Amino acid sequence: MTTTRPRNLLDPGFELTLRPMRYPAFYERYRDAIRNTWTVEEVDLHSDVADLAKLSPGERHLIGRLVAFFATGDSIVANNLVLTLYKHINSPEARLYLSRQLFEEAVHVQFYLTLLDTYLPDPDDRAAAFAAVENIPSIREKAGFCFRWIDEVERIDRLEDRADRRRFLLNLICFAACIEGLFFYGAFAYVYWFRSRGLLHGLATGTNWVFRDESMHMSFAFDVVDTVRREEPELFDDELRRQVEEMLEEAVEAELQFARDLCGEGLPGMNTESMREYLRCVADQRLVRLGFPARYGAGNPFSFMELQDVQELTNFFERRASAYQVAVEGSVSFDDDF
Ligand SMILES: [Fe+2]
Ligand SMILES: [Fe+2]
């Protein structure tokens, strides 16, 4: 155990000192996250069951695939958080935030477990959804993408040199920009498409809260990237930019393959072409946030994403404020989160 404090955020070790505080912004993010506590028991999925019976065969196929993705998505993110992010981001303030994020990922896992139990009453259908990472090619591909970026850093115990730090940064950027920030944003679009047609309100309510959490996870990760850029600007060279662009392109392609599987020949208001445009628009937003040039020049084709239900969230947070004696400010909209 050394008493020397690390110079930079990615210097190896398990720094314990909170005073004087070196990264107060991470501590504030932890406090903000605590104010957004919600529980799965508050989501009422009753009316969804009646809605499911009204869906066309194509829509039923889409929702089946979507929940199969949700079955394991957040568990993968939680694993990477513990195995990689917690290990290498050497600041007790940041580790406080990551502890809180881990709790939120657990709530997401519980939410989707409850959703699958409700949507798929047949135990065989449920088991098949949880096995989708192995058996359904479009979901296996996305999981494989995540696992590859976990494997890239798995054997690194300490970020000793520039190559290690670059690999870590790519993992961090991958989970924020491509997984939480693209795969999940793709999935949320299908949910809001249903809601824009008055369907699956329970799923949409839970999604509002997950959406808000995911936006915060992504913002925190990008703040970590900004901090590393300030401390070790030499890591952010053309090579890193090229690697991030390639990674995002691959993520867009994997999510598009998922869209082809979900949409088939296309459904009213939802098809592979609009999803391509949407994903490219999201990918551009991620690149710009990371300080890289936009690549696709795409616009958002989904008006229902811009109409993200601020009203429902406002009610939610007013209710929470009285129930938990914490004041919560702010709302979520598509533009804010990008
Ligand atoms: Fe999550
Ligand atoms: Fe997350």
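Among Tyr86, Tyr97, which is aromatic (Phe, Trp, Tyr) and away from ligand 1 (no atom under 15 Å from the Cβ)?
Tyr86
Being within 26 Å of Ser56 (Cα to Cα) and touching a residue at least 24 places away in the same chain (Cβ under 8 Å) is the filter here, so list the residues in the range 245-264 that pass it.
Of everything in the range 245-264, those that are within 26 Å of Ser56 (Cα to Cα) and touching a residue at least 24 places away in the same chain (Cβ under 8 Å) turn out to be Ala254, Glu255, Gln257, Phe258, Ala259, Arg260, Asp261, Leu262, Cys263, Gly264.
Residues of the range 43-54 being open to solvent by 10 Å² or more (accessible area, probe 1.4 Å), in contact (Cβ under 8 Å) with a residue 12 or more places away in the chain and more than 16 Å from ligand 1 (Cβ to nearest atom), which ones?
Asp44, Leu45, His46, Ser47, Val49, Asp51, Leu52, Lys54
Just the residues that are open to solvent by less than 10 Å² (accessible area, probe 1.4 Å) and either out of contact with any Phe, Trp or Tyr (no Cβ under 7 Å at 6 or more places or on another chain) or more than 14 Å from Asn79 (Cα to Cα) (or both), please, taken from the range 147-164.
Residue satisfying the conditions is Leu159 alone.
Scanning the range 218-259 for residues that are of a type in the set (Gly, Ala, Ser) and in contact with a Leu (Cβ under 6 Å, 6 or more places away or on another chain), which turns out nearest to ligand 2 (Cβ to nearest atom)?
Taking the range 218-259 first, the residues of a type in the set (Gly, Ala, Ser) are 219, 221, 251, 254, 259.
Next, only the ones that are in contact with a Leu (Cβ under 6 Å, 6 or more places away or on another chain) stay: 221, 251.
On the way: Ala221: 9, Ala251: 15 Å.
Going through the qualifying residues, I end up with Ala221.
If we scan the range 165-176, do we find a residue that is farther than 22 Å from Leu287 by Cβ, open to solvent by less than 10 Å² (accessible area, probe 1.4 Å) and modelled with pLDDT of 95 or more?
Initially, the range 165-176 is screened for residues farther than 22 Å from Leu287 by Cβ, giving none.
Checked the range 165-176: no residue is farther than 22 Å from Leu287 by Cβ, open to solvent by less than 10 Å² (accessible area, probe 1.4 Å) and modelled with pLDDT of 95 or more.
Taking the options Ala106, Ala94, Ala176, name whichever one is over 16 Å from Thr84 (Cα atoms) and aliphatic (A, V, I, L, M).
Ala106 is the lone residue from the list that is over 16 Å from Thr84 (Cα atoms) and aliphatic (A, V, I, L, M).
The rows are residues; the columns are (1) within 21 Å of the chain's Cα centre (by Cα); (2) closer than 23 Å to Gly198 by Cβ; (3) open to solvent by 50 Å² or more (accessible area, probe 1.4 Å).
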{"site": "Leu62", "(1), (2), (3)": "yes, yes, no"}
{"site": "Phe70", "(1), (2), (3)": "yes, yes, no"}
{"site": "Leu81", "(1), (2), (3)": "yes, no, no"}
{"site": "Leu85", "(1), (2), (3)": "yes, no, no"}
{"site": "Ser91", "(1), (2), (3)": "no, no, no"}
{"site": "Leu102", "(1), (2), (3)": "yes, no, yes"}
{"site": "Glu105", "(1), (2), (3)": "yes, no, no"}
{"site": "Thr118", "(1), (2), (3)": "no, yes, no"}
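Taking the residues in the range 120-136 that are open to solvent by 70 Å² or more (accessible area, probe 1.4 Å) and assigned to a helix (DSSP H, G or I) as candidates, determine which candidate is nearest to ligand 1 (Cβ to nearest atom).
Phe130
Identify the residue in the range 232-262 that is open to solvent by less than 50 Å² (accessible area, probe 1.4 Å) and of a type in the set (D, E, K, R) and, among all such residues, is nearest to the chain's Cα centre (by Cα).
Only one residue fits best here, namely Glu255.
Could you list, ordered by first residue, the pairs with Cβ atoms under 6 Å in which the first is in the range 87-111 and more than 14 Å from ligand 2 (Cβ to nearest atom) and the second is open to solvent by 50 Å² or more (accessible area, probe 1.4 Å), at least 6 apart or interchain?
Between residues of the range 87-111 that are more than 14 Å from ligand 2 (Cβ to nearest atom) and residues that are open to solvent by 50 Å² or more (accessible area, probe 1.4 Å), the close pairs are Pro92/Leu16; Pro92/Leu18; Glu93/Tyr27; Leu96/Tyr30.
Within the range 200-207, is there a residue that is within 15 Å of the chain's Cα centre (by Cα) and modelled with pLDDT of 95 or more? Don't jump to the end; show me each part of the working.
Initial filter on the range 200-207 (within 15 Å of the chain's Cα centre (by Cα)): 206-207.
Subset that is modelled with pLDDT of 95 or more: 206-207.
Yes, the range 200-207 contains a residue that is within 15 Å of the chain's Cα centre (by Cα) and modelled with pLDDT of 95 or more.
Being touching a residue at least 24 places away in the same chain (Cβ under 8 Å), within 16 Å of Phe222 (Cα to Cα) and surrounded by fewer than 18 Cβ atoms within 10 Å (Cβ to Cβ) narrows it down to one residue among Arg295, Arg289; which is it?
Working: Arg295 fails: within 16 Å of Phe222 (Cα to Cα).
Step by step, each of Arg295, Arg289 is checked, and only Arg289 is touching a residue at least 24 places away in the same chain (Cβ under 8 Å), within 16 Å of Phe222 (Cα to Cα) and surrounded by fewer than 18 Cβ atoms within 10 Å (Cβ to Cβ).
The values are calculated or read from the model by the stated rules, or taken from the named source; none is laboratory data. Please read these numbers as outputs of a predicted model, since none were measured by experiment. All Cβ positions, glycine included, derive from the backbone under ideal geometry; neighbour counts span all protein chains shown. Quick note on the areas: whole protein, heavy atoms, side chains included, nothing else; ligands and nucleic acids left out. Shrake-Rupley method; radii C 1.70, N 1.55, O 1.52, S 1.80 Å.
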